6 protein chains.
Amino acid sequence: MPRPSGRAGDEMRQVTIEPGFAKHAEGSCLIRFGDTHVLCAASIEERVPPWLRNSGRGWVTAEYGMLPRSTHTRTDREAARGKQSGRTQEIQRLIGRSLRAVTNLEGFGERQIRIDCDVIQADGGTRTASITGAWIALHLAFEKLVEKQAIPAIPLIGHVAAISCGIFGGAPVLDLDYAEDSNAETDGNFVITDGGTLCEIQATAEGTPFTDTEFLELLRLAKKGCAELCEHQRKAIGG
Amino acid sequence: MPRPSGRAGDEMRQVTIEPGFAKHAEGSCLIRFGDTHVLCAASIEERVPPWLRNSGRGWVTAEYGMLPRSTHTRTDREAARGKQSGRTQEIQRLIGRSLRAVTNLEGFGERQIRIDCDVIQADGGTRTASITGAWIALHLAFEKLVEKQAIPAIPLIGHVAAISCGIFGGAPVLDLDYAEDSNAETDGNFVITDGGTLCEIQATAEGTPFTDTEFLELLRLAKKGCAELCEHQRKAIGG
Amino acid sequence: MPRPSGRAGDEMRQVTIEPGFAKHAEGSCLIRFGDTHVLCAASIEERVPPWLRNSGRGWVTAEYGMLPRSTHTRTDREAARGKQSGRTQEIQRLIGRSLRAVTNLEGFGERQIRIDCDVIQADGGTRTASITGAWIALHLAFEKLVEKQAIPAIPLIGHVAAISCGIFGGAPVLDLDYAEDSNAETDGNFVITDGGTLCEIQATAEGTPFTDTEFLELLRLAKKGCAELCEHQRKAIGG
Amino acid sequence: MPRPSGRAGDEMRQVTIEPGFAKHAEGSCLIRFGDTHVLCAASIEERVPPWLRNSGRGWVTAEYGMLPRSTHTRTDREAARGKQSGRTQEIQRLIGRSLRAVTNLEGFGERQIRIDCDVIQADGGTRTASITGAWIALHLAFEKLVEKQAIPAIPLIGHVAAISCGIFGGAPVLDLDYAEDSNAETDGNFVITDGGTLCEIQATAEGTPFTDTEFLELLRLAKKGCAELCEHQRKAIGG
Amino acid sequence: MPRPSGRAGDEMRQVTIEPGFAKHAEGSCLIRFGDTHVLCAASIEERVPPWLRNSGRGWVTAEYGMLPRSTHTRTDREAARGKQSGRTQEIQRLIGRSLRAVTNLEGFGERQIRIDCDVIQADGGTRTASITGAWIALHLAFEKLVEKQAIPAIPLIGHVAAISCGIFGGAPVLDLDYAEDSNAETDGNFVITDGGTLCEIQATAEGTPFTDTEFLELLRLAKKGCAELCEHQRKAIGG
Amino acid sequence: MPRPSGRAGDEMRQVTIEPGFAKHAEGSCLIRFGDTHVLCAASIEERVPPWLRNSGRGWVTAEYGMLPRSTHTRTDREAARGKQSGRTQEIQRLIGRSLRAVTNLEGFGERQIRIDCDVIQADGGTRTASITGAWIALHLAFEKLVEKQAIPAIPLIGHVAAISCGIFGGAPVLDLDYAEDSNAETDGNFVITDGGTLCEIQATAEGTPFTDTEFLELLRLAKKGCAELCEHQRKAIGG
């Protein structure tokens, strides 16, 4: 069964990144995985959450949101409903953990960097685009602190990027778009460093449970995808 | 006292409009007043609020939001705080009223058109850009209904656009940017049709109360500005 | 078309003011515009909001509410619904701004005066009665601070009062009651000082947009109304 | 130890009742127990809560609120805080139960009568004044249904009134005002019919637990007080 | 009319108490009144509410909850609904007051003891089981403070226990189970010390108001029941 | 580095299961993984969520909560805070998905089974104990429907159980307790069927990212653990 987009099984959508998209943010980019567009903006706050006061350590956290009409049919505005959904909270916790896995929290003083990931347009894979773009926003914000001589060096241990994989029509495929995502038998999100080590694996059987063999194939695809994404990140930060 | 931007007193910021910016929405545009960028997206819903059921009439409403880092310093996410601010509610009520003032509510059946106005970047005048762009999104959504032969004609009586004016440094100026807005003695928002009639006037003394004469000068500037904006709208809808 | 109440176009409803109505408040009055009755009560707080700490300045703010059965048919209690409506928030922001426009915020130390405007009975014009009565409550609270020698003089630059005007049955009329308000083509609220200068203008086309000429006639009526209200205020404070 | 007000131990505060105080309500009164003033307003709703649909029975319920500056020092507005306190909920549940104890719920069809009890000024005993006044508002609302021939007779089995008693300075006293209430060793609220039977007893030791003998003396006082209040009710409804 | 359980009118359900049920709590027990099972757990907090800071006094408070399926048919989870019901708030306020009535608040420094009473299974009388069990949890927590030599002695003036009584089928009965509770004409909860003095009385006519004589019979039963409960408490704390 | 509990790396804590623990629930058990105790209770509802009406399909969902003092130090009650945490929502979504992965949703009509998983005592692994126990509660509830002849057969495709694994002190270990969980370098939760296929994998690097090899070792341990848990399930349902 061919992919709706005609892509090969291990082919990602076109990735484009516009660093500095948000004029006011300390670091930002607009990242596009095909028709999925996410604006990632980092804000530096000169204070940490209460449990870190006087610890000498900083914190990195994330918030996530979708514009109401980023989706095929309109999604209610979370601000109007008065609370964030469980899905939103899961995603923003995932983004934060992923970034912290490659950040030296001792390396930028008692500051909090908050990354807002707002989905301007959604076509599957918003959380993986968010993580990949958030890393760039974070890097740019750290650059600003280095430029101002507030910190001596960028406290990032490496890159982190994320991609989805799934079993679609019986075959493992890389970087699911919405048409695939809503029909996949199994759906996984992988957060992987530029060294190929793993920060986070989330795999879910939407229908029939999956086998070890299937899972390992997804993992292989994810590593290929994240390696490509780290390359995009390098270009975006001028590296 | 010259304007921070160097503009003449009756000179607007550069206006650009990208219709169709949001792929999934029935009508949309990204509107820019200088560094103020608002994404306006119209969604057609095949049902009306309870008080209009079986009335044969439709409804037009709006929601408004700002991305957390659209502002100079980060603003808390309303979805995370669990409620919309009074300011947000004022603005979305204003957008809705302004659009309804030029819409024939009998002309599109029992449907609701909801316009989401989301501020991607803020530099003063977000509510006036929202109204001006929302009219385009609404027009495009109505076009879609006409194309589908769901309604016979676009049920808009005319254009509506909005602009701010204020007393800055003692002089009346058109289209305040953030640097002016936060220091103006008087600040007004005007919602005006292409016929030059008035839908809404909101004028506030931030410091010293203002005189009739000053107010009339603001009104004159606003009419000039809205006439220009209607011209931009015409081009955006291919008119 | 005659007014439902039989009043002349430029005739206000009977205004009565009972200063000192709320025994516990530092300043208060019950103000009546015909069948619209609002209890305005000022509370002096010996602390300011966070953004004014150590500024040497005070703050004046307002809250607004309606008793559930102040209205023709019962309105849900906002405390039971768990949030204040957009309308409530708009009104209380308007009352606060109007009072601050005639208050010298440097003149009463780091104190906050909070004015509660609670509608006991509603028949149109609750926000304008609230502003007019709130000024009295504020004046009386400042008198109390002067009496206690906490401040040297009443830090009010002048009076402020408010009135509604509208186009009803094609004609401009002053001080709309509920029967007029719910059928007016255009509806405006004007906040005006005793010197005749303007603090706030809010005018809305409920149906057909209005012309400059119509607006100017509303403004003329509003000035007449507010001048009368300032006279009532003077009597109420024993001036 | 004399009572702060100089009253005898079994002496109530002056009670006054203004029936029909709220112009729009189907039944209402302003009831005063000395400086405690409560506006009670009944609204007839032509539908019952879900669990009574198609039962042929009606329902009586109550809501309670305090104006923010009804109290000695200002109390936060519950609508602004976004929820009703536990105390508010206790009181409104008590008022509803007390009224239902003397109402024939089969006697007025599938209607709900909602009684709003809003404290305009507080000086102790707001819940007992509320119950006593709510009965009058309820009676007047039922009169209106009889007048309209919607129901054949007033479906009230009898009167119900309420009063507080307490141990103050070691002695039992009737109808505590705020000065007593905040210093009483024991505080009780009694809801009693005109036949002298009991609907509700709530007695609480604020300090030392109380004895049976003390409790029985409070009960005796309460019966005397409620008998007087039923007399006031009779006059208020023109009986 | 016999009791559904076959118990005599003055016969309580079987009471069992497992002290130390919650491994992590400073004091705890699982208390059972027949099929009503409540877990009471005391937590010692080294800080008091704001109004007691620098007073040298401590505070005792309680929270109450029911597991969703503790009841015959499932009850919505309060955490999911986003607020605690009025009933929950009434009960937790009652538990707190009852405990404070026998606690010397000067005797354990500026600490707060918070008792969580969570209903594992409900069959009537959850609030009375909660109070009776909470006293044990509180005692055990105080024991822990004495052991650690943080306080010199257990600051409890005596025992407090609670039981319900009601008029069921025309007869006064002790310790209502759910089958009785939902059909009782009158229902009362009594909180009584080991000395037989009264902390709290709450009696409610669910149908016909009740007489003094009936009430006194309920009080007599309650005293008998609480005396037995104090005996159970003594055994549970090894006294 | 030895495990704090002295267990071997692939050794689980003692598992005990008491089926039928909750008297009122249609299916229930108390499941213990060592000192982690979770009460799982299934409620059958004769209606489905709106999106499934008239589909002929049923739904299985879950809610999760922790008693405030189930934890080492007290956790705030979510009902009192007015919302469920992101963690709570993640867990209850996970439990629901896991159960649905082995349930034939066509096999029990338009019913919803809701499983409440309430943590009575916590010592690590509450979500895995919840899933494992929830399956038993679900099975028992289905048995009840079969007994009542409401459905012909139990619509479960197989067992599902869950266990945590992690890298602790550099070594892979099975079934982390709290002491391990709070210090693990990597932490994973695995949801596995009795056939050894995978429903859900969640693995997170708390510190250093992990390698493929490490992950595969965790997966191997998890399979061993879940096989043992399925055996416990079989016994608990009398199979």
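The values are calculated or read from the model by the stated rules, or taken from the named source; none is laboratory data. What you see is a predicted model, and the numbers here were worked out from it, not measured in a lab. Reconstructed Cβ throughout: ideal geometry from the backbone, glycine too, with neighbour counts over all protein chains shown.
Screening E:Q84 on (1) part of a loop (DSSP other than H, G, I, E, B); (2) surrounded by fewer than 18 Cβ atoms within 10 Å (Cβ to Cβ); (3) not hydrophobic (A, V, I, L, M, F, W, C) shows it passes everything except condition (2).
Taken together, the residues in the range F:190-206 that are closer than 24 Å to A:T103 by Cβ, more than 7 Å from chain A (Cβ to nearest Cβ) and in a strand (DSSP E or B) amount to 0.
Test B:L140 against the stated conditions and say whether it is buried (at least 22 other Cβ atoms within 10 Å of the Cβ), at pLDDT 95 or above and closer than 15 Å to B:L39 by Cα. Outline the logic, then answer.
Working: buried (at least 22 other Cβ atoms within 10 Å of the Cβ): yes; at pLDDT 95 or above: yes; closer than 15 Å to B:L39 by Cα: yes.
So B:L140 passes the test.
Scanning the range A:173-189 for residues that are in contact (Cβ under 8 Å) with a residue 24 or more places away in the chain, more than 14 Å from chain F (Cβ to nearest Cβ) and not small (G, A, S) yields A:V173, A:L174, A:D175, A:L176, A:D177, A:Y178, A:E180, A:D181. Going by the conditions given, is D:C40 touching a Pro at 6+ places or on another chain (Cβ under 9 Å), in a strand (DSSP E or B), touching a residue at least 12 places away in the same chain (Cβ under 8 Å) and buried (at least 24 other Cβ atoms within 10 Å of the Cβ)? Taking the combined requirement at face value, the residue does not satisfy it. Step by step: first the residues of the range D:207-234, then only those that are touching a residue at least 12 places away in the same chain (Cβ under 8 Å), of a type outside the set (V, I, T) and farther than 17 Å from D:T128 by Cβ, then the one that is farthest from the other protein chains (Cβ to nearest Cβ). Which residue is that? Here the residue is D:R234.
Return yes when A:Q92 is at pLDDT 95 or above and touching a helix residue (DSSP H, G or I) at 6+ places or on another chain (Cβ under 9 Å) and no when it is not. Break it down stepwise before answering.
On the way: at pLDDT 95 or above: yes; touching a helix residue (DSSP H, G or I) at 6+ places or on another chain (Cβ under 9 Å): yes.
Taking the combined requirement at face value, the residue satisfies it.
Can you give me the ranges of the strands (runs of 3 or more DSSP E) entirely in the range F:95-184 with at least 3 residues that are in contact with an Asp or Glu (Cβ under 9 Å, 6 or more places away or on another chain) and under 13 Å from F:V60 (Cβ atoms)? Walk me through how you get there before you give the answer.
Details: elements: F:112-121, F:160-168, F:171-174.
By residue number, F:112-121.
Only one residue in C:E206, C:E180 is surrounded by fewer than 23 Cβ atoms within 10 Å (Cβ to Cβ) and under 20 Å from the mean Cα position of the chain (by Cα). Which one?
C:E180
If I filter the range F:189-200 for residues that are crowded, with 16+ Cβ neighbours inside 10 Å, modelled with pLDDT under 95 and of a type outside the set (S, T, Y), do I get at least one hit? No. Only residues that are touching a helix residue (DSSP H, G or I) at 6+ places or on another chain (Cβ under 8 Å) and within 9 Å of another protein chain (Cβ to nearest Cβ): list them for the range D:48-69, please. D:E63, D:G65, listed by residue number. Restricting to the range F:43-56, and then to whatever is polar (S, T, N, Q) and over 17 Å from the mean Cα position of the chain (by Cα), can you tell me which residue is surrounded by the most Cβ atoms within 10 Å (Cβ to Cβ)? In this case the residue turns out to be F:S55. Checking each residue in the range F:19-43 for being more than 7 Å from chain E (Cβ to nearest Cβ) and either hydroxyl-bearing (S, T, Y) or over 27 Å from F:W59 (Cβ atoms) (or both) picks out F:S28, F:R32, F:F33, F:G34, F:T36, F:H37. Just so you know, in the range E:62-81 the residues that are over 19 Å from E:L39 (Cβ atoms) and not in a loop (DSSP other than H, G, I, E, B) include one that is modelled with the highest pLDDT, and it is E:A80. Taken together, F:I157, F:I237 contain a single residue that is within 14 Å of chain A (Cβ to nearest Cβ), surrounded by fewer than 23 Cβ atoms within 10 Å (Cβ to Cβ) and farther than 20 Å from A:I192 by Cβ, which is F:I157. Scanning the range F:70-86 for residues that are facing another protein chain (nearest Cβ under 7 Å) and basic (K, R) turns up F:R74, F:R77, F:K83. In the range B:87-129, which residues are more than 12 Å from chain C (Cβ to nearest Cβ), buried (at least 20 other Cβ atoms within 10 Å of the Cβ) and of a type in the set (S, T, N, Q)? B:Q121, B:T126, B:T128 - these are the residues of the range B:87-129 that are more than 12 Å from chain C (Cβ to nearest Cβ), buried (at least 20 other Cβ atoms within 10 Å of the Cβ) and of a type in the set (S, T, N, Q).
Quick one: is C:I151 within 14 Å of chain B (Cβ to nearest Cβ), more than 22 Å from B:T204 (Cβ to Cβ), touching a residue at least 40 places away in the same chain (Cβ under 8 Å) and out of contact with any Gly (no Cβ under 6 Å at 6 or more places or on another chain)?
Working: within 14 Å of chain B (Cβ to nearest Cβ): no; more than 22 Å from B:T204 (Cβ to Cβ): yes; touching a residue at least 40 places away in the same chain (Cβ under 8 Å): yes; out of contact with any Gly (no Cβ under 6 Å at 6 or more places or on another chain): yes.
No: the conditions fail for C:I151.
Out of curiosity, is E:A162 buried (at least 19 other Cβ atoms within 10 Å of the Cβ), touching a strand residue (DSSP E or B) at 6+ places or on another chain (Cβ under 6 Å), facing chain D (nearest Cβ under 9 Å) and small (G, A, S)?
Numbers: buried (at least 19 other Cβ atoms within 10 Å of the Cβ): yes; touching a strand residue (DSSP E or B) at 6+ places or on another chain (Cβ under 6 Å): yes; facing chain D (nearest Cβ under 9 Å): no; small (G, A, S): yes.
No, not satisfied.
The number of residues in the range A:80-104 that are on the phi > 0 side of the Ramachandran plot and under 14 Å from the mean Cα position of the chain (by Cα) comes to 0. For the range A:12-34, the set of residues classified as surrounded by fewer than 17 Cβ atoms within 10 Å (Cβ to Cβ) and part of a loop (DSSP other than H, G, I, E, B) consists of A:Q14, A:G20, A:K23, listed by residue number.
The residue pairs whose first member lies in the range C:1-30 and is among the small types (G, A, S), whose second member is in a loop (DSSP other than H, G, I, E, B) and surrounded by 17 or more Cβ atoms within 10 Å (Cβ to Cβ), and whose beta carbons are closer than 7 Å, counting only pairs six or more residues apart or on different chains, are C:S5/C:D177; C:S28/C:F21; C:S28/C:A22. The set of residues from the range E:191-239 being closer than 10 Å to E:H159 by Cβ and among the β-branched types (V, I, T) comprises E:I192, E:T193, E:I237.
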